[in-house]
Amino acid sequence: MVSARGPSVEEWSGVDVSIAEIEAELHRLRAGVTDEDGRPQQRTSVMTHVAWVPPEWLDAAERVLEGMRERHPSRTVILVPRPGEDGEGGIDAELSVRSFPLGERSVAGEVIELSLRGDRALAPASLVLPLAISDLPVFLRWRGEPPFGETQWDQLVAVADRVVVDSSEWGELRYAELAESFERSAVSDIAWARTGSWRVELADRWPAIAKQEIAIRGPRAEAALLRGWLASRLGREVLPPEAGGELAVQLDREDVPAPSDGPLTPSDLLSAELDRLARDRVYEAAALAATSVRQG
Amino acid sequence: MSVVTEERNPLVEGLPLRRRPEPCVIVVFGASGDLTERKLMPALYSLAFRRLLPERFAVVGVARSDESDDGFRDEMRNAVQHFARDPFRQEVWDELAAGMRYLKLDAADTAAADRLAALLAEVDEERGTGGNRLYYFAVPPGAFEPLVRVVAAIPEGEGWKRLIVEKPFGRDLASARELNALVGEHFAESEIFRIDHYLGKETVQNLLALRFANGIFEPVWNRQFIDHIQITVAESIGIEGRAAFYEQAGAIRDIFQNHLLQLLAITGMEPPSDFTAESVRNEKVKVLRSLHTPGPKSVVRGQYGRGFVEGVEVPGYREEEGVAPDSQTETFVAAKLYVDNWRWADTPFYVRMGKRLPRRETTIAIQFKRAPHPPFEEAAVEGLRPNVLLIHVQPDEGLSLAIGAKMPGQGMSIRTVHMDFLYGSAFRDGLPEAYERLILDSMLGDATLFTRSDEIEEQWALVDAIVAGWQRDRAAFPNYAAGTWGPPSADDLLHRDGRSWRRH
């Protein structure tokens with residue numbers, strides 16, 4: 001039993017486990033997170049949050065999730081593919097049920113981290129489907145560059161209501177391949193989210209901006225998306241962006257002051273995307289337009 | 001690719017909706033008062049913190065006391081540091097404070113309007129606020145009239161003008177009508193924003209979402225399925241040094257006339273055709289007009305005597321400083337009300353409100369009728385209570401639905417369990433303070449969450465009818481101990497109908 005004033009956590013780990021074992025242990029852990037009177041904590045969930053996290057991204061992903069768990073009470077399923085470790089395959093699980101204080105009460109959320117050894121990484125949807133909470137949206141955060149066209153990507157996109165990528169994590173800006181998923185799932189891009197305050201700033205410069213010479217410099221993905229956005233919305237050509245440094249824009253060769261909104265943390269950025277449900281057609285058009293961009 | 005036209009900005013599509021008002025200056029009358037310190041300035045800071053204020057914005061504090069611009073800024077900075085819900089950030093404060101001015105003003109002074117007008121012209125020039133003025137009367141009702149005249153005498157310019165007034169709006173129907181007429185001489189109804197801060201609370205707005213965004217509740221939201229409704233507005237505090245106000249107001253004018261009747265109206269209203277100010281207020285006023293005036297047996301008044309609250313002995317109302325030793329002011333009201341319309345005929349709304357009750361709680365409890373014929377043995381359902389949908393307005397904002405569930409084990413035994421939805425557990429942002437929403441709405445000209453003149457008058461008409469009944473005899477006060485749920489007669493009000501107040 002843990003105090004209602006939490007924060008508290010009940011944990012379990014197992015090697016070579018089945019989904020049935022995971023469900024049974026989760027049930028047991030939830031019963032163990034109780035208030036001072038021994039009653040189970042309330043579980044409130046607004047989604048199932050699936051994260052596909054190759055081992056090299058695991059530390060970064062865990063830091064982001066740690067910063068946002070209280071904001072998005074959910075069942076989080078972290079899938080860590082380790083295809084080369086064991087040819088026969090198997091699933092190792094680490095489960096935790098965390099209780100967050102909320103006023104006089106606490107709310108419990110669940111984290112299921114599954115290491116998918118060998119061929120068990122090949123059919124991830126078959127693991128997600130039995131673990132997804134019924135009737136709630138499934139958000140998929142794909143860490144790193146997705147293997148577009150491969151089984152894992154296609155399967156998980158098919159079960160997700162929203163896919164969240166960060167194109168700044170990619171080796172190449174493969175927006176054209178990402179676009180093939182637009183009809184199957186809503187797509188968010190953290191790199192696009194980072195351009196949010198710039199888009200607001202530039203939108204305020206309408207209508208003059210429609211005819212001005214626009215020059216963009218900045219991180220590769222963000223600059224390409226901002227250029228794609230301007231090109232698609234204004235219906236005109238925009239100079240290819242210059243790579244490097246902070247995002248910056250010149251209109252008719254004059255610097256546009258950088259928006260004053262403070263930098264958002266990775267947790268803030270992901271958190272904002274998890275609040276969105278509808279398809280973002282403005283992003284889709286920007287990403288498609290960005291595919292024709294090559295760095296200047 | 002989009003076609004660019006002169007009329008439409010193609011870049012705004014998909015951007016987060018920014019409810020950012022036009023440039024304006026907010027003129028706070030009563031700038032040295034408690035409300036400004038505890039609510040208004042912290043709310044303005046929180047709006048600034050979230051970049052929701054206009055870029056060109058100014059605050060002019062007006063009061064009768066001597067103060068400099070810098071002194072006013074210092075006081076407001078302290079207020080923000082003490083009472084704002086957001087952490088203090090110097091850069092946010094600096095931006096807000098840069099547009100702050102103070103004016104010592106006596107409304108009786110014949111030059112008052114000229115002096116205020118001169119300062120506002122100066123502020124418009126300095127801050128680019130374009131002549132848009134939001135006047136906020138954070139003053140007692142007695143000060144309204146001279147201030148309305150001051151504001152009315154300020155020459156109108158290019159911009160808009162709006163007026164926010166705090167409750168209480170009048171002290172009876174006649175005075176409310178006078179005030180409406182006075183304000184109406186100088187402001188159109190669409191320019192008047194009568195604040196009932198309960199309407200700015202997220203959970204009150206969530207009640208509208210609950211009823212009108214879900215398909216499952218509205219079909220059972222009527223006399224066919226609901227046995228009765230209980231609305232409780234309970235405070236554990238006493239009068240907190242406000243004897244002069246409370247002796248005149250009592251619970252019926254302080255809470256019943258405004259907060260409680262607004263909660264009842266939102267609970268009982270028909271679905272509006274859209275979410276515009278006029279549509280929502282049209283539906284609320286229909287409920288208020290349909291309220292049946294309760295007879296003397298359907299209203300209970302009380303006054304607390306000495307007792308214990310949270311383990312501490314507290315004095316009775318008549319022992320509070322500034323209260324008459326034979327005061328007849330009520331600190332508790334309970335009533336059985338009926339909304340005489342097709343939806344609610346014969347469905348009682350039991351309401352209670354008071355001070356020095358066991359705890360602070362505002363709830364709306366929708367008690368449904370019992371299942372008509374549970375096919376279980378009597379013993380199986382003896383612990384089963386009717387379904388109740390409980391809306392927690394404050395604290396612990398959320399919803400709770402009481403349902404019957406089978407107890408684990410052999411045989412059939414059913415007991416009541418609660419399914420809870422805690423507002424803060426499902427949504428990541430902290431709940432904004434009511435004043436943040438209401439100030440922002442008034443800057444945007446959206447009056448949906450403000451009370452219209454006809455609503456105010458209907459509310460006072462009901463209060464006048466109840467109070468008239470009280471004038472005939474003296475109440476045997478005090479009649480409940482501090483820390484209890486009011487006088488026994490409040491329980492009798494429901495027991496007579498075979499019901500009882502919710503207990504916890």
Item checked: Heavy-atom accessible area ranking, 1.4 Å probe, most first, across B:K167, B:K104 -> B:K104, B:K167
Item checked: Per residue solvent-accessible surface (Å²) - the protein assembly as shown, probe of 1.4 Å -> 44 Å²
Next item on the list: Under 23 Å Cα to Cα from B:K284, which lysines show up? Leave out anything in the same chain fewer than 8 places away.
Entry: B:K167, B:K201, B:K336
Margin query: How many Å² of accessible surface get buried when B and A come together, counting both sides, probe radius 1.4 Å, rounded to the nearest 100?
Written below: 2500 Å²
Notebook entry, point to check: For B:F225, what accessible area in Å² do you get when you roll a 1.4 Å probe over the heavy atoms of the protein chains, rounding to the nearest 10?
Noted result: 100 Å²
Checklist line | Full-extension gain in nm, B:D454 to B:D86, via 0.36 nm per residue minus C-alpha separation | finding: 128.8 nm
Notebook entry, point to check: What is the Cα centroid distance between region B:438-485 and region B:320-366, reported in whole angstrom?
Noted result: 10 Å
Checklist line | Zone of B:E95's modelled label, taken as backbone nitrogen in region A:229-272 under 13 Å from a point 7 Å along Cα→Cβ | finding: A:258-263
Notebook entry, point to check: Suppose R0 equals 25 Å; then what is the FRET efficiency for B:K297 and B:A345 from their Cβ-Cβ distance, rounded to the nearest 0.05?
Noted result: 0.80
Next item on the list: Could you tell me which of rounded, prolate or oblate describes region B:349-455, using a ≥ b ≥ c as the square roots of the eigenvalues of the alpha-carbon gyration tensor, with rounded for a/c under 1.5 and, failing that, prolate when a/b is larger than b/c and oblate otherwise?
Entry: prolate
Check: Share of the protein assembly as shown's accessible area from carbon and sulfur, percent, 1.4 Å?
Finding: 50 percent
Next item on the list: Sum -39500 (n - 2.57) across every DSSP H segment of at least 4 residues in chain B, then divide by the residue count to get the 222 nm mean residue ellipticity, nearest 500.
Entry: -9000 deg cm²/dmol
Next item on the list: State the antiparallel share, in %, of DSSP beta bridges confined to the protein assembly as shown, rounding to the nearest 5.
Entry: 55 percent
Item checked: Rounded to the nearest 10 Å², the accessible area of B:E126 at probe 1.4 Å -> 120 Å²
Check: Quick one: Cα centre-to-centre distance for region B:49-79 and region A:195-242, in angstrom?
Finding: 38 Å
Margin query: What FRET efficiency comes out for A:D16 versus A:D135 if R0 is 30 angstrom and r is the Cβ-Cβ distance? Round to the nearest 0.05.
Written below: 0.45
Notebook entry, point to check: Taking the Cβ of A:V50 as the center, what net charge do the other residues with Cβ under 14 Å away carry, scoring Lys and Arg +1 and Asp and Glu -1?
Noted result: 0
Item checked: B:F193, A:F148, ranked by accessible area, largest first (probe 1.4 Å) -> A:F148, B:F193
Check: With labels modelled as points extended 7 Å from the Cα through the Cβ direction, what inter-label distance (nm, one decimal) is found for B:E218 paired with A:E62?
Finding: 4.9 nm
Next item on the list: Report the FRET efficiency, 1/(1 + (r/R0)^6), for A:T265 and B:V312, where r is their Cβ-Cβ distance and R0 is 51 Å, rounded to 0.05.
Entry: 0.75
Next item on the list: Describe numerically, in nm with one decimal, the distance between label points set 7 Å from Cα along Cα→Cβ at A:A179 and at A:R217.
Entry: 2.9 nm
Margin query: Given the whole protein assembly as supplied and a 1.4 Å probe, what does the accessible area of B:E270 come to in Å², nearest 10?
Written below: 70 Å²
Checklist line | Threshold 10 Å², region A:215-240 residues less accessible with all protein chains present than alone (1.4 Å probe) | finding: A:W229, A:A231, A:S232, A:R233, A:L234, A:G235
Next item on the list: Ignore the peptide's own chain and count Cβ atoms of other chains within 10 Å of each Cβ in A:196-207; give me the average, rounded.
Entry: 4
Checklist line | Estimated inter-spin distance, A:E172 and B:A118, nm [label 7 Å along Cα→Cβ] | finding: 7.3 nm
Checklist line | Full-extension gain in nm, B:E382 to B:A468, via 0.36 nm per residue minus C-alpha separation | finding: 26.5 nm
Note to self: Suppose accessible area is computed on protein heavy atoms with a 1.4 Å probe; arrange A:S232, A:S45 from highest to lowest.
What the structure shows: A:S45, A:S232
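The values are calculated or read from the model by the stated rules, or taken from the named source; none is laboratory data. Source: prediction; values computed, not measured. Reconstructed Cβ throughout: ideal geometry from the backbone, glycine too, with neighbour counts over all protein chains shown. For the accessible areas, the whole protein counts, side chains as well, though only heavy atoms, and no ligand, DNA or RNA atoms are used. Shrake-Rupley method; radii C 1.70, N 1.55, O 1.52, S 1.80 Å.
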